[in-house]
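Below is one structure, written out as C-alpha cells, with a few remarks after it.
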Amino acid sequence: MKATRAEDPFLRKQSLMVEQLMAFALTCLVVVLVPGPDFALVLKNAPRGPGSAATTAIGIMVGNTILALLAVLGVTALLGASEVLGNAIRIAGAAYLLYLGARALLEAFGRPRTQATAAPEPGFGFRGNSPFLQGMVSNLLNPKVAVFYLSLFPQFNLAPLPPLGQHALMAGIFLLTALVWYVLLVHALKKISSALARPRVKRIITGGSGTVLIGVGGTILTKSLASS
C-alpha cells in the first residue's frame with residue numbers, strides 16, 4: 001500500500017519546519033517587543049526630533065545586522081564559548097549603558113544648555129553624541145541580542161535546510177521583525193514629536209530613559225562582576 005500524503009516523510013519534515021518557523025517568528029516578536037536598552041535609547045533621543053529617533057533606530061539595525069552576520073558565520077558561538085571574553089563584552093556593554101544613562105540624567109536635570117550644544121547630530125556621524133553611533137554600539141554590546149543568538153538559535157530545527165541555511169533564515173526573520181518594529185516606533189514618535197519637544201516632557205522622558213539605562217547597566221555590571 002502506498003503511503004498517504006500525511007505519512008510522506010518529506011511532507012512531514014516540511015510541516016515540522018513550518019511549525020518551527022512559526023514558533024521562532026513568535027519568539028522573535030516577543031524578544032523585539034520586550035523593552036530593553038535599545039528601546040530606552042530611542043526614547044531618550046526622541047525629544048530631540050524625529051531625525052534623532054530614526055537615526056538611533058538605524059544604528060540599532062546596523063548593529064543587529066552585524067550580530068546576525070556573526071551568528072550565521074558562527075563567530076558569536078565562538079565568543080560565547082569563552083567565559084572571559086563573554087564577561088568582558090558584558091562589562092563593556094554595562095559600562096556604555098551607564099555612560100549613556102549618566103549623560104541623559106545630566107541633560108535632563110543639569111544646567112540648561114543651548115539646543116546646538118545639547119542635541120546630538122541626527123546624521124550618521126561617529127562622534128560621542130551621534131544617535132547613530134549610540135544605537136549601533138548599544139546594540140552590539142546588548143546582552144539580550146547576544147543571548148538571543150546563542151541560546152535560541154540552537155533550540156529550533158529547520159531541517160531539511162542545512163545548518164548555515166537555517167541560521168541565515170532565522171537571522172533574516174529576526175532582522176525583519178526588528179525592522180518592522182522600529183519603523184512603527186519611529187512613525188509613532190514622529191506623530192507626537194511636538195509634544196515630545198516640550199521642555200517638561202523632554203526632561204521627563206530623557207530622565208526616565210536615563211534611569212532605565214543606568215538600572216539595566218548596573219544590573220548587568222553587578223551580575224558580570226559577581227560571576228567573574
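The values are calculated or read from the model by the stated rules, or taken from the named source; none is laboratory data. Computed from a predicted model, the values in this text were never measured in an experiment. So basically every Cβ, Gly included, is an ideal-geometry build from the backbone, and we count neighbours across all protein chains shown.
May I ask you to say which residue of Phe153, Phe126 is modelled with pLDDT under 90 and under 26 Å from Val84 (Cα atoms)?
Phe153
Quick check: is even one residue across region 61-84 within 16 Å of Ser209 (Cβ to Cβ), under 18 Å from the mean Cα position of the chain (by Cα) and modelled with pLDDT of 90 or more?
Taking region 61-84 as the starting set, the residues that turn out to be within 16 Å of Ser209 (Cβ to Cβ) are none.
No; the residues of region 61-84 include none that is within 16 Å of Ser209 (Cβ to Cβ), under 18 Å from the mean Cα position of the chain (by Cα) and modelled with pLDDT of 90 or more.
Checking Val180 against (1) within 18 Å of the chain's Cα centre (by Cα); (2) touching a residue at least 40 places away in the same chain (Cβ under 8 Å), only one condition comes out false. Which one?
(2)
Taking the criterion of being modelled with pLDDT of 85 or more, of a type in the set (A, V, I, L, M) and within 20 Å of Pro35 (Cβ to Cβ), would at least one residue in region 107-117 satisfy it? Explain how you work it out, then say what you get.
We begin by selecting, within region 107-117, every residue modelled with pLDDT of 85 or more; these are none.
No: zero hits.
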